[in-house]
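Asks: This is the structure I want to talk about, given as structure tokens.
The values are calculated or read from the model by the stated rules, or taken from the named source; none is laboratory data. Remember, it's a predicted structure, so these values are computed and weren't measured experimentally. With ideal geometry, Cβ positions are generated from the backbone for all residues, glycine too; neighbour counts draw on all protein chains shown.
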Amino acid sequence: MRRLLLSLICPAVAFAQARPDSSSRLAPLVITATRVAVPVAAPASVTVLSGDSLRARGITHLADALRLVPGATIVASSSFGSQASLFLRGGQANFVRVLLDGVPLNEPGGAMDLGALTLDNIDRVEVVRGPASVLYGADAVTGVIQLVSRVAAPSRPAGTLSFDAGSYGQRDVALAGAAATAHVALNATLSERSAEGTLPFNNGYHNRAAGASARFADRHTEAALSARWQAATYHYPTESDGTIGDRNAENTSHRLTLAFSGRRVLSERVSATWALAAGAHNPRSNDGPDTAGDTLGYYGFFSRGTITRRSASAQLTARAGATQFITVGADMARDHERSSTRSLSEYGEERGTFAASRRDRALYVQALGTVQSRGSYQVGLRLDDNSAFGMFRTVRLATSWQLAPGWRVRAAVGSAFRAPSFFENFATGYVRGNAALVPERSLSREAGVEATLRGVSMRIAAFQQRFHDLIQYTAAAATPTAPNYLNVAAAHADGIEADGETTLPASVRTHLTYAYTRTRVTNAGFDTGLGATFVLGQPLMRRPAHTARFELARRVGVRADVIAGAAYSSRSDDRNFAAWPAVPVVLPARTLVDVAATMRLSRPGTPVPVHARFRADNLTNVRYQAIYGFQAPGRSVRVGLTLGAP
């Protein structure tokens, strides 16, 4: 039953090797790597993070959870709730597709702010590294992240009430409930999270979220419905160069996602899956005059936006033989964006509006199976037909082979693409979009080895990525009516990822992850000078070459668990945009230490269990900047209490 319910989370998901991570030890269950529910391990780089384990150690936001994933670099602009970007395997911040129960959360063009995305009602986070456009279309260039909603177990009703408080005015409260029968499962959550922030004034963060899901399953049919609403507000006193002075600037974001998916067994060898998804995102920015006398220069700016995404998908999966599967699928999607701006200056008031939409239709086919019970393969081909840029083809080939007991090797090659943003395609006015843009594209190769020897589990993967047709802006258009966006730049991102775990004496569990990423600009396009965003032959901005994390975990007595970790990031290149033209700067290397502990306060068998938790981030109070000019939070301590059982 649990596996049947889990397969409903996204349009179609798969059984594969779920790598153990520092937050959990999961059996091989469902991942996002194949979009089909079959018992074949996909040859892919995958990390699965348990939602309950993350919350138990005080991790409540997706951005903080992704710091545990090898090859993932999170860059946050400042305090709690501030804009956070993900660079996965050295790719651009808009090269990762983020899904919530199959609903895309990215804006058209791939942009995604992870700063306010919480883990409420999330059962697990599935991270697939490598090109995945052959299954998910645009934006899945360096990976896919899927947030999977919780599924209640068929037992008596359960619920939790959690409280947390900590440094910088952090205050959280969350309520969750679940009930299930043999065929139906229900879940619901409510949460409110806030913080006063790390900066002297106007740095508050407030986040409210509500989610619910319903699952049905019988012998032949499965269906799932999930909904999630979130509203977040972040106040920021910082200017574009990091200086502190604005007392009333804020960003707000309202987001609603709906997903309905299902699976029907048509015969012993054929099954069908379907999914309908809808998402609406309403970003807002408010930055009015600071005082009544603030009337010089550009002293006010307001923006309103509405981004809607609708999609439908269907696929048939047929079994040929015992462990050979062929899938044929179709996706349809419509994206629409509408926005308005109002700026105030000593030169008068100026208003602007923008509206655009586009449709995408796609067909894909995938063959997945095993070879002589020792190997597996995955072959996929996809054809997208977009109303803006026309036809685009992507492919992926992957295989793995067990050389000997405990030893497995794998290899993969694939292509992927990022669609232009609406503004890049359709902007008018002072900045002109380019309707003739083609998608940014990539070609990636990967090889890896996995081994388990004498209680030590290790995984190593080497990858090579080539990014072409990167879209750049130029203020010096060829003619007054020529577009400002063109496909001109290119870059490479190569590297190695490794992670492993073992158990030391005294039952101390260890986990180590390491990533080396070498990025290099191969075509700077319009950019000139050392302070440009793209500098020929130089690394891409804000990507450290070396990142590593080492953790020690141990159970203390029969009631407590303690995890201590240290995360290292090497120096990285950035720009000082306060100067004109911008000048290159180097962000120093840093090592951040964190500690998390949980303790059961109630006796075993208590009707309402009580657990306490503690978390300390940046324990040694290192002063550092992930973005030049913007100070990251110092030492942060949180304590919490949970009543009830999940």
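Asks: Regarding residue 143, is this residue buried (at least 24 other Cβ atoms within 10 Å of the Cβ), modelled with pLDDT under 95 and either under 25 Å from the mean Cα position of the chain (by Cα) or under 30 Å from residue 420 (Cα atoms) (or both)?
Replies: no
Asks: Looking only at the range 219-255, count how many residues are under 27 Å from residue 150 (Cα atoms), modelled with pLDDT of 90 or more and not hydrophobic (A, V, I, L, M, F, W, C).
Replies: Matching residues across the range 219-255 total 11.
Asks: Determine, yes or no, whether residue 296 is within 26 Å of residue 341 (Cβ to Cβ), touching a residue at least 12 places away in the same chain (Cβ under 8 Å) and assigned to a loop (DSSP other than H, G, I, E, B).
Replies: yes
Asks: Also, quick follow-up: Does the range 181-192 contain any residue that is of a type outside the set (D, E, K, R), part of a strand (DSSP E or B) and in contact with a His (Cβ under 8 Å, 6 or more places away or on another chain)? Can you show your working first?
Replies: Our first condition is that a residue be of a type outside the set (D, E, K, R); within the range 181-192, this holds for 181-191.
Narrowing the set further to residues that are part of a strand (DSSP E or B) leaves 184-191.
Imposing the further condition that a residue be in contact with a His (Cβ under 8 Å, 6 or more places away or on another chain) reduces the set to none.
There is no residue in the range 181-192 that is of a type outside the set (D, E, K, R), part of a strand (DSSP E or B) and in contact with a His (Cβ under 8 Å, 6 or more places away or on another chain).
Asks: What tally of residues in the range 84-121 results from selecting those that are free of Cβ contacts under 8 Å to residues at least 40 places away in the same chain and touching a Ser or Thr at 6+ places or on another chain (Cβ under 6 Å)?
Replies: Total satisfying the criteria: 1.
Asks: Are any of the residues in the range 550-562 among the charged types (D, E, K, R) and either surrounded by 18 or more Cβ atoms within 10 Å (Cβ to Cβ) or in contact with a Phe, Trp or Tyr (Cβ under 8 Å, 6 or more places away or on another chain) (or both)?
Replies: Here is the first cut: in the range 550-562, the ones among the charged types (D, E, K, R) are 551, 554-555, 559, 561.
If we keep only those that are either surrounded by 18 or more Cβ atoms within 10 Å (Cβ to Cβ) or in contact with a Phe, Trp or Tyr (Cβ under 8 Å, 6 or more places away or on another chain) (or both) as well, we get 551, 561.
Checking the range 550-562: at least one residue is among the charged types (D, E, K, R) and either surrounded by 18 or more Cβ atoms within 10 Å (Cβ to Cβ) or in contact with a Phe, Trp or Tyr (Cβ under 8 Å, 6 or more places away or on another chain) (or both).
Asks: Shifting gears a bit: Among the residues of the range 332-359, which ones are among the charged types (D, E, K, R) and closer than 26 Å to residue 254 by Cα?
Replies: 334, 335, 337, 338, 342, 350, 351, 358, 359
Asks: Now, a different point. Report every pair of residues separated by at least 6 positions or lying on different chains whose Cβ atoms are under 6 Å apart, first residue within the range 156-173 and closer than 13 Å to residue 638 by Cβ and among the charged types (D, E, K, R), second surrounded by fewer than 16 Cβ atoms within 10 Å (Cβ to Cβ) and modelled with pLDDT of 95 or more.
Replies: 171/165
Asks: Name every residue in the range 180-190 that is within 16 Å of residue 226 (Cβ to Cβ) and of a type in the set (Gly, Ala, Ser), in order of residue number. Spell out the reasoning first.
Replies: Step one: of the range 180-190, the residues within 16 Å of residue 226 (Cβ to Cβ) are 180, 184-190.
Answer for the range 180-190, where residues must be within 16 Å of residue 226 (Cβ to Cβ) and of a type in the set (Gly, Ala, Ser): 180, 185, 188.
Asks: Kindly indicate whether any position in the range 513-530 is touching a residue at least 24 places away in the same chain (Cβ under 8 Å), under 30 Å from residue 458 (Cα atoms), of a type in the set (A, V, I, L, M, F, W, C) and touching an Asp or Glu at 6+ places or on another chain (Cβ under 7 Å).
Replies: Filtering the range 513-530 down to residues touching a residue at least 24 places away in the same chain (Cβ under 8 Å) leaves 513-527, 529-530.
Narrowing the set further to residues that are under 30 Å from residue 458 (Cα atoms) leaves 513-520.
Still in the running and of a type in the set (A, V, I, L, M, F, W, C): 515.
Of the ones still in play, those that are also touching an Asp or Glu at 6+ places or on another chain (Cβ under 7 Å) are 515.
Among the residues of the range 513-530, at least one is touching a residue at least 24 places away in the same chain (Cβ under 8 Å), under 30 Å from residue 458 (Cα atoms), of a type in the set (A, V, I, L, M, F, W, C) and touching an Asp or Glu at 6+ places or on another chain (Cβ under 7 Å), which makes the answer yes.
Asks: Here is a further query. Within the range 357-374, take every residue that is surrounded by fewer than 19 Cβ atoms within 10 Å (Cβ to Cβ) and of a type in the set (Gly, Ala, Ser) and give me the one that is modelled with the lowest pLDDT.
Replies: Looking at residues that are surrounded by fewer than 19 Cβ atoms within 10 Å (Cβ to Cβ) and of a type in the set (Gly, Ala, Ser), I get 373.
Asks: Just give me the residues in the range 517-544 being buried (at least 18 other Cβ atoms within 10 Å of the Cβ) and either under 21 Å from the mean Cα position of the chain (by Cα) or among the polar types (S, T, N, Q) (or both), in sequence order.
Replies: Residues satisfying the conditions are 517, 519, 540, 541, 542, 543, 544.
Asks: Let me ask you something else. Residue 633 - would you say it is touching an Asp or Glu at 6+ places or on another chain (Cβ under 8 Å) and not acidic (Asp, Glu)?
Replies: When the stated conditions are applied, residue 633 passes them.
Asks: Any residue at all in the range 493-515 that is in contact with a strand residue (DSSP E or B) (Cβ under 6 Å, 6 or more places away or on another chain), at pLDDT 95 or above and farther than 30 Å from residue 566 by Cα?
Replies: No, the range 493-515 contains no residue that is in contact with a strand residue (DSSP E or B) (Cβ under 6 Å, 6 or more places away or on another chain), at pLDDT 95 or above and farther than 30 Å from residue 566 by Cα.
Asks: Got a sec? Which of 93, 132 is out of contact with any His (no Cβ under 6 Å at 6 or more places or on another chain), surrounded by 23 or more Cβ atoms within 10 Å (Cβ to Cβ) and of a type in the set (A, V, I, L, M)?
Replies: 132
Asks: One residue is enough: does the range 270-291 have a residue meeting the conditions hydrophobic (A, V, I, L, M, F, W, C), closer than 30 Å to residue 631 by Cα, assigned to a strand (DSSP E or B) and out of contact with any helix residue (DSSP H, G or I) (no Cβ under 6 Å at 6 or more places or on another chain)?
Replies: The answer is no; no qualifying residue exists.
Asks: Filter the range 572-619 down to residues that are farther than 30 Å from residue 554 by Cβ and out of contact with any Lys or Arg (no Cβ under 9 Å at 6 or more places or on another chain) and give me whichever is surrounded by the most Cβ atoms within 10 Å (Cβ to Cβ).
Replies: Checked the range 572-619; the qualifying residue surrounded by the most Cβ atoms within 10 Å (Cβ to Cβ) is 575.
Asks: Is it the case, given these coordinates, that residue 496 is in contact (Cβ under 8 Å) with a residue 12 or more places away in the chain, under 25 Å from residue 131 (Cα atoms), touching a helix residue (DSSP H, G or I) at 6+ places or on another chain (Cβ under 9 Å) and of a type outside the set (Gly, Ala, Ser)?
Replies: It is false that residue 496 is in contact (Cβ under 8 Å) with a residue 12 or more places away in the chain, under 25 Å from residue 131 (Cα atoms), touching a helix residue (DSSP H, G or I) at 6+ places or on another chain (Cβ under 9 Å) and of a type outside the set (Gly, Ala, Ser).
Asks: Just one of the numbered conditions (1) closer than 30 Å to residue 40 by Cβ; (2) small (Gly, Ala, Ser); (3) more than 32 Å from the chain's Cα centre (by Cα) is not true of residue 293; which one?
Replies: Of the numbered conditions (1) closer than 30 Å to residue 40 by Cβ; (2) small (Gly, Ala, Ser); (3) more than 32 Å from the chain's Cα centre (by Cα), the odd one out for residue 293 is (1).
Asks: What residue, of 259, 280, is within 21 Å of the chain's Cα centre (by Cα), within 30 Å of residue 349 (Cβ to Cβ) and among the hydrophobic types (A, V, I, L, M, F, W, C)?
Replies: Working: 259 fails: within 30 Å of residue 349 (Cβ to Cβ).
Answer to the selection: 280.
Asks: Give 370, 399 a once-over and let me know the one that is of a type in the set (S, T, N, Q), under 17 Å from residue 131 (Cβ atoms) and touching a residue at least 40 places away in the same chain (Cβ under 8 Å).
Replies: Details: 370 fails: under 17 Å from residue 131 (Cβ atoms).
Within the list 370, 399, the selection yields 399.
Asks: Taking the criterion of being modelled with pLDDT of 95 or more, assigned to a strand (DSSP E or B) and small (Gly, Ala, Ser), would at least one residue in the range 568-579 satisfy it?
Replies: Yes.
Asks: Pairs please, first residue from the range 589-608 and modelled with pLDDT under 90, second anywhere and loosely packed, with under 13 Cβ neighbours inside 10 Å and in a loop (DSSP other than H, G, I, E, B), Cβ atoms under 9 Å, 6+ apart in sequence or on different chains.
Replies: 604/558
Asks: Right, another one. Output the residues belonging to the range 178-219 that are crowded, with 17+ Cβ neighbours inside 10 Å and of a type in the set (S, T, N, Q).
Replies: Of everything in the range 178-219, those that are crowded, with 17+ Cβ neighbours inside 10 Å and of a type in the set (S, T, N, Q) turn out to be 187, 189, 191, 194, 198, 202, 203, 207, 213.
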